[in-house]
Structure formats: structure tokens, C-alpha cells
1. Please arrange ASP5, ASP163 by how many other C-beta atoms lie within 10 Å of their C-beta, fewest to most.
2. Which peptide among 6-17, 83-94 comes first, and what is the full order, when sorted by highest mean count of other Cβ atoms within 10 Å?
3. With just the Cα atoms defining each centre, how far is segment 174-190 from segment 66-91? Give it in Å.
4. Note the full-extension length gain between LEU8 and LEU175 as 0.36 nm times their separation in residues minus their Cα-Cα distance, in nm to one decimal.
5. Hey, with R₀ at 25 Å, roughly what FRET efficiency would THR113 and LYS162 work out to, going by the Cβ-Cβ distance, to 0.05?
6. Just the number, please: Stokes-Einstein D of segment 7-71 in µm²/s, Kirkwood Rh from C-alpha pairs, 10 °C, 1.306 mPa s.
7. Residues with beta-carbon under 13 Å from that of THR40, excluding THR40: net charge, scoring Lys, Arg +1 and Asp, Glu -1?
8. Is there a pair in LYS21/LYS57; LYS21/LYS184; LYS4/LYS43; LYS4/LYS57; LYS14/LYS78; LYS57/LYS162 whose C-alpha atoms are over 21 Å apart, and which pairs would that be?
Amino acid sequence: MITKDNVLNNDLRKQIYLYIKETPGLHLREISRKMNIPLTSCKHHLKLLCRLNLISKSLENSYDRYFIFKSYNLTERKIISVLRQDTPRGILVYLLTSIACSPLELCKELNKTPSTINYHLKNMLYLGILEIAEIKEDTILLRKGGKINRDICGREKIYKIKDKETSDIIYNLLLSNIETFKDKEYIYNIFALMEEVKTNKSPLFKKYSSKNVSSRVLNRIYDIFPHPYHV
């Protein structure tokens with residue numbers, strides 16, 4: 001009889017458990033593909049691990065995503081499930097640096113179509129991760145009296161991360177899972193530059209070259225965090 005005490009005696013099942021521990025928030029087909037395990041076999045082991053409360057699953061955008069049991073709260077699960085998708089992850093990384101931006105900016109930065117960007121923006125609005133910024137006289141109003149002056153084109157909507165708490169969760173989840181993202185060098189560079197322009201030093205910056213950071217993002221970072229040596 002398989003119990004919680006002996007369920008990981010099976011080598012494949014243990015590998016799946018450890019993979020979910022290292023890479024939380026993946027769905028069934030991703031786990032099957034990345035681990036090169038037949039779908040039916042993967043599904044069987046996941047079901048057993050769930051039944052014995054070693055892992056749990058959350059339904060996000062029609063996909064069951066798997067986590068170590070009680071390892072993340074509901075908000076963290078929702079965000080990390082979004083971060084497992086390339087385009088939403090790119091949007092959130094850009095918003096962490098730009099504070100607020102339009103769909104057109106995201107289209108240019110991520111090289112995606114307007115329909116793709118708008119789909120993900122609407123989904124993150126629905127999930128409560130983003131919100132539409134209030135605009136008054138070409139000024140984007142932020143919480144606690146903050147503001148960004150910019151030219152507003154017509155009726156364009158400006159999006160921003162919901163609040164500082166959500167921003168902190170996104171930042172921490174990106175850092176704690178950074179080795180599992182295929183664009184980890186880009187994320188490292190962005191965060192390292194954010195830290196560098198604020199403190200003039202960064203341990204992250206030494207690990208990766210900054211050559212993959214777009215000049216548009218770099219300039220935006222310096223706009224937000226003015227640096228005495230940047231011209």
C-alpha cells in the first residue's frame with residue numbers, strides 16, 4: 001500500500017516531486033514535456049502525490065498548476081502561474097522598471113502583436129495583478145501622491161502593477177525562481193541595473209553581462225532612478 005511515508009520510494013515519482021519543488025507553477029503538459037515523461041504516467045504520479053498531500057494544484061486560466069503542498073499562498077500561486085508564461089512575465093518585468101506604460105510600449109518592447117498584449121493585460125487585470133492608471137492632464141497619478149508626467153496619445157490606457165505589495169511579491173518570486181526562466185539573463189540584468197542605479201553597486205550585475213538589456217529599458221531605469229554618472 002502506498003502511503004505518505006513510502007510514496008517517494010519510487011524514483012520517477014521522487015524526480016517529479018523534486019522538479020515541482022525546484023520549478024513550481026508548471027502544468028501537466030509542461031512537466032511531461034520538460035521531464036520527457038509520457039503524459040499518462042506523469043498524470044498518474046501527480047494525482048497520487050496530490051492525494052497524499054505532498055503537492056497541490058491550483059486552477060489558473062484553464063490549467064492545473066502544481067506546487068509543493070502549502071508552499072505558496074493563493075496570491076503567490078496566482079502570480080507565479082502568470083510568471084510561467086513568457087509574454088506575461090515580460091510585461092511584469094517591464095512594468096517593474098517603467099512603473100506604468102501603454103499597450104503600444106509593450107508591443108514595441110516585447111515584439112508582440114496588440115491582440116497578444118491586450119489579451120494578457122486583460123487577464124492580469126481580471127486576476128487583480130494590474131490596474132489601469134488614473135490620468136489627469138497628461139499626468140499619470142500613482143498611489144500615495146506619486147505621479148509621472150508624459151504625453152498621452154488620445155484615449156490610450158496606461159497600465160501599472162496594482163500596488164507595492166503586489167510589486168514586491170512579483171519581484172521576490174522572479175528572484176527566487178530566476179534560474180528556472182529561459183530569459184534569466186535578461187531579468188538578472190534588469191534587476192541588477194535597478195539596484196546599481198540606486199546604490200551604485202550590485203552583486204547581481206557581476207554575474208551576467210548587460211548586453212541583452214534594451215536601450216529603451218535602460219534609459220527608462222535611469223529616468224526613474226537618476227544616476228550621477230549617466231548622461
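1. The most exposed by this proxy come first: ASP5, ASP163.
2. Highest mean packing first, the order is 83-94, 6-17.
3. 14
4. 57.3 nm
5. For R0 = 25 Å, the calculated efficiency reads 0.50.
6. The diffusion coefficient I find is 138 µm²/s.
7. Neighbour charge sum, excluding THR40 itself: +3.
8. LYS14/LYS78; LYS57/LYS162, as the Cα separations exceed 21 Å there.
Bear in mind that the values in this text are calculations on the coordinates, not laboratory data. This one's a predicted model, so the numbers in the text were calculated from it and none came from an experiment. Heads up, the Cβs are rebuilt from the backbone with ideal geometry, glycines too, and the neighbour counts pull from every protein chain shown.
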